[in-house]
Amino acid sequence: MMLDLNQRPQLPAEQLMRVTNALARWLPDGLEAEVANWSQAEWEAALWVAYWQNGLPWLADQVQETGIQLPEGVNGRLQTINTASRERTQAMLDACTEILATFKQAGIEVMLLKGAVLAPLYYPDPLLRPLADLDLLIRPKDVAASREMMLNQLGFRYYSRSAEDEVYLRGERKSNIWAPDNVHPVEIHFTLREEYAGIGYELAEIMWRESEERPYWQNTPACIPNPAALLLHVCAHTSSDWLIQRGRLMHIDDIRKLCATMQPTDWQTFARLVQPSTARFIYPALAFVGKYTRLAIPADTLNWLRENCPPVLLDWLAHTELADASEANPVNRSGIGLEIAQRLSRSRLDMARFWLRSFFPRRYNLAKRYPKLVETPFWPLAYLLLNGDRAIQIAKKRRG
C-alpha cells in the first residue's frame, strides 16, 4: 500500500533519520551511493521527507539526472506531485505580480522576500523552487491600506495576525499541499523580526536600506533586496527553523544558490551587515548547509561568524544533522525554549529577555492559542490562561 503523505512513514525512527540525512547529502551533488540500494519503503519515506521539506522538485530532478530507478509506484507519484508543484509555483508567481501591480497603483511600497525572490531570480528553472506561500514586506503605515487591497480588490480572505505580519488566503485547501489550486497564503509583513525563544533580531530597516527596484517575474518591476541582504534574511530565517526543529531540504538549495552568486563586493556588504551580536543568528544556517554541500564563502567571513557564536551553540551545531532538526526526528521539541535560549544567549540580559517573552509573549503571538481573545481589550487575560495551563502541565509531570 502506498504511503499516505499526511502520515509519518512506518519505518523505524533511526532508519527514517538515515533516509533524511542521505537525501541532504545526495541531492546537492549526487554523491550518496546509499540511495541506489534503497527498498521501496525507504523510497516512500524519501518521498515523504521531500514532500514536507519543500524538496520534491529537486528530488525529481536529481532522479532524472542520475538515472536511478525508483519503484514504479513511487516514481509515478513523484512525477505527478512534481508536475503539480511546478504548476503551483507558476501560479504563485503570477499572483505575486498581481499583488505588486495592485499595491503599486495604491501607492503602497512593497518588498519581496525569500522564495518569492529566490524562485525567479536565483534558480535557473524558477519552477524547481516550491512556493508554499508568498512573503512581502510593507511599511507599518500601509497595513490598513494593504488590508483593503487584499480583501476587496484581490479576493483574499483574512486568516491571522501576529506581531510581525497579517496572513491572507485565496482558494480552498486540498489534500495535496503542492496542488496548483491548493490555498494560496500571502504573508504581509509590516516588520521583519526573527524570534529565537524571546531573543529577537530585527531586519526590516536593513532590508529596506539594502534593496532596489529591478525586473522581476515576467519583467514586472519589484523592490528586491540585494544579494547580501537576501542571504542575511534567508540565513536568519533558516537558523530559526533549524533551532525549532523545522529544518528543510529546501534551505540547503536556497543557501547554496545564493552563495554561488555572491561576488567579492557582495561578501563585503554581507560582512558589514552582520554585527558581532547577530552572528549567532546567521552562522547556524551556513554551518548546517555546509555539512551537505560545498559553499563558496570567504574563509575569513566564516571564521569571524563562528568566533562570535556562543560555545554552547557551536557544540550543538557540531552534533546536529537535518534529521535531528526536522520533523524526521521522532521526538518533538517541547517546553518553553530554554535549550534554544541557552544556545544563543550571550549575557544575563538575553536570558532575562527569554524568560520575559516566554511568560509574556507579544500580544498577537498569542493568536494561535487564543484567536478571539487577542482581538478584544481583555487580551491580557491570555497570559493568565497560558501560564495557568503551563503550571497544570508541570504539576502533572511531577505527579507522573
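May I ask you to order 292-301, 254-263, 369-378, 232-241 by the average number of other C-beta atoms within 10 Å around their residues, highest value first?
Values: 292-301: 14.6, 254-263: 18.6, 369-378: 12.2, 232-241: 23.6.
Top of the packing list down: 232-241, 254-263, 292-301, 369-378.
Mind giving me the FRET efficiency for residue 80 and residue 385? R0 is 45 Å, r the Cβ-Cβ distance, nearest 0.05 is fine. Please report the intermediate quantities before stating the final value.
Details: r = 44 Å, r/R0 = 0.98.
The pair residue 80/residue 385 has a calculated efficiency of 0.50.
Based on a Kirkwood Rh over C-alpha pairs, give the Stokes-Einstein translational diffusion coefficient of the range 246-334 at 20 °C and viscosity 1.002 mPa s in µm²/s. Walk me through the intermediate numbers first.
Values: Rh = 14.0 Å.
Value of D from the Cα-based Kirkwood radius: 153 µm²/s.
7 Å from Cα along Cα→Cβ at both residue 277 and residue 376: what's the point-to-point distance in nm?
Placing both labels 7 Å along Cα→Cβ, they lie 3.8 nm apart.
To the nearest whole percent, what portion of all C-alpha pairs in the range 339-400 is separated by more than 17 angstrom? It would help to have the intermediate numbers written out before the result.
Numbers: 992 of 1891 pairs.
Across the range 339-400, Cα pairs with separations above 17 Å total 52 percent.
Taking the solvent-accessible surface of protein heavy atoms with a 1.4 Å probe, what is the per residue accessible area of the range 3-43 in Å²?
On the way: 2080 Å² over 41 residues.
The answer is 51 Å² per residue.
With labels modelled as points extended 7 Å from the Cα through the Cβ direction, what inter-label distance (nm, one decimal) is found for residue 61 paired with residue 151?
Label-label distance for residue 61 and residue 151, simple model: 4.0 nm.
Given the -39500 (n - 2.57) contribution per DSSP H run of 4+ residues, what per-residue ellipticity at 222 nm results for the chain, rounded to the nearest 500 deg cm²/dmol?
Details: 16 runs with 206 residues, N = 400.
Estimated from H runs of four or more residues: -16500 deg cm²/dmol.
Using the Kirkwood formula over every pair of different C-alpha atoms, what hydrodynamic radius in Å results for the range 254-400?
Values: mean 1/r = 0.0543 Å⁻¹.
This gives a value of 18.4 Å.
What Kirkwood Rh does the range 116-168 have if only Cα atoms enter the pairwise 1/r average? Answer in Å. Don't skip to the end; give the middle numbers.
Values: mean 1/r = 0.0777 Å⁻¹.
Result for the range 116-168 stands at 12.9 Å.
Between the range 185-251 and the range 65-97, what is the C-alpha centre distance in whole Å?
Computed from Cα coordinates, the inter-centre distance equals 25 Å.
Identify the residues of the range 62-84 with backbone N under 15 Å of a label point that sits 7 angstrom from the Cα of residue 39 along the Cα-to-Cβ direction, or state none.
The answer is 71, whose backbone nitrogens lie closer than 15 Å to the label point.
Answer with a single label: of (1) 71, 47, 45; (2) 62, 58, 38; (3) 60, 59, 48, which was calculated as Cα extents along the principal axes in Å from the structure in view?
(3)
Where a ≥ b ≥ c are the square roots of the eigenvalues of the C-alpha gyration tensor, would you call the range 266-314 rounded, which needs a/c under 1.5, or, failing that, prolate if a/b is larger than b/c, or oblate? If you can, show how the numbers build up before the last one.
Details: a/c = 1.90, a/b = 1.01, b/c = 1.87.
It is oblate, given that a/c is not under 1.5 and a/b is not larger than b/c.
Taking the highest mean first, how do the peptides 61-73, 352-364 order by number of other beta carbon atoms within 10 angstrom per residue?
Values: 61-73: 13.5, 352-364: 16.2.
Packing proxy ranking, top to bottom: 352-364, 61-73.
Name the long-range amide H neighbours of residue 160: under 5 Å, sequence gap of 5 or more, or other chain; modelled H, no Pro or chain starts.
167
What list of whole percents do you get for P(r) of the range 113-239, with Cα-Cα distances grouped in 10 Å bins up to the one holding the largest distance?
It works out to 11, 39, 40, 10, 0, in whole percents.
Using a 7 Å offset from Cα along Cα-Cβ at residue 332, what residues in the range 6-27 end up with backbone N under 20 Å from the label point?
Under cut-off, by backbone N: 6-14, 16-17.
Where in the range 135-173 are there trypsin sites (Lys or Arg not before Pro) that are in a DSSP coil and have at most 16 other Cβ atoms within 10 angstrom of their Cβ?
Working: sites: 141, 147, 157, 161, 170, 173; in loops: 173.
Here the trypsin sites (Lys or Arg not before Pro) that fit, given the DSSP loop and packing criteria, are 173.
Roughly what would the spin-label model give for residue 349 and residue 214, points 7 Å off Cα along C-beta, in nm?
3.6
Based on the alpha-carbon set only, what is the convex hull volume of the range 1-124 divided per residue, in Å³? Walk me through the numbers on the way to the answer.
Details: hull volume 15.6 nm³, N = 124.
Enclosed volume per residue, from the Cα hull, is 126 Å³.
Which helices of the chain meet both criteria: a Cα extent of 30 Å or more along the helical axis and a mean Kyte-Doolittle score no lower than -0.5, with helices taken as whole DSSP H segments? List each step's numbers first, then the result.
Details: long enough: 72-105 (50 Å, -0.44).
For the chain, where a helix must reach 30 Å along its axis and average at least -0.5, the hits are 72-105.
When the Kirkwood hydrodynamic radius is evaluated over all pairs of different C-alpha atoms of the range 1-43, what value in angstrom, to one decimal, is obtained?
Kirkwood hydrodynamic radius for the range 1-43: 11.2 Å.
The values are calculated or read from the model by the stated rules, or taken from the named source; none is laboratory data. Here the structure is a predicted model, which is why all the values come from computation and not from measurement. We place every Cβ from the backbone using ideal geometry, glycine too, and count neighbours over all the protein chains shown. All accessible areas refer to the heavy atoms of the entire protein, side chains included, with ligands and DNA or RNA removed. Shrake-Rupley method; radii C 1.70, N 1.55, O 1.52, S 1.80 Å.
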